[in-house]
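Taking it in order: structure first as structure tokens, then the write-up.
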Amino acid sequence: MAEDSTPRAAATPIPAFAPVPVRARRDGWTAGRQRAFIAALARIGCVGRAAVEAGMSRESAYRLRRRKGATSFAAAWDSIFAARPRGTTSFELIWHRIVRRAVGPGAAVRRDAAVPADRFEALQRRIRGLAGGGGPRERSQ
């Protein structure tokens, strides 16, 4: 199996927390799923992707966070984002945000989606700007 060579943000330590007391359901937020979510959130820094890794949805993670008795869970969640410098996240999420801006609001963007040709140059300028390369380069005559 090939090693993943995409750049990743530094992992945040996994905070200790008391799982939210919930009614026992096979497809619900078990204590194990809550621990898996917090661990994935510390590693990835993206609520949606961490929820998927735990086998749950992003929306249900936010509902769990708002439940009565979720103080420790919410504090662990908050401490993860407090420990991460703003803007550090996975390379894939950054790319997705750039592509979404390039194709415009409301457009569906798949991971393997190609950028329309008329928006490709703007996307390249944006990527160079994020990489510190500035805008388009002038040709020398």
| note | Taking the stretch 21-45 and keeping residues part of a loop (DSSP other than H, G, I, E, B) and either surrounded by fewer than 19 Cβ atoms within 10 Å (Cβ to Cβ) or modelled with pLDDT of 95 or more (or both) leaves P21, V22, R23, A24, R25, R26, D27, G28, W29, T30
| note | Going through (1) at pLDDT below 95; (2) touching a helix residue (DSSP H, G or I) at 6+ places or on another chain (Cβ under 6 Å); (3) open to solvent by less than 100 Å² (accessible area, probe 1.4 Å); (4) in a loop (DSSP other than H, G, I, E, B) one by one, G48 fails only at (4)
| Where A10 falls short, out of the listed (1) open to solvent by 80 Å² or more (accessible area, probe 1.4 Å); (2) at pLDDT 65 or above | (2)
| note | Inside the stretch 51-64, the number of residues satisfying the requirement of being in a helix (DSSP H, G or I) and touching a residue at least 24 places away in the same chain (Cβ under 8 Å) is 3
| task | Working only within the stretch 65-74, note down all residues that are out of contact with any helix residue (DSSP H, G or I) (no Cβ under 6 Å at 6 or more places or on another chain) and either farther than 17 Å from A18 by Cα or part of a helix (DSSP H, G or I) (or both). | result | R66, T71, S72, F73
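The values are calculated or read from the model by the stated rules, or taken from the named source; none is laboratory data. Computed from a predicted model, the values in this text were never measured in an experiment. For neighbour counting, all protein chains shown are included, and Cβ atoms are generated from backbone atoms with ideal geometry for every residue, glycine included. Areas reflect the complete protein model, heavy atoms only, side chains present, ligands, DNA and RNA absent. Shrake-Rupley method; radii C 1.70, N 1.55, O 1.52, S 1.80 Å.
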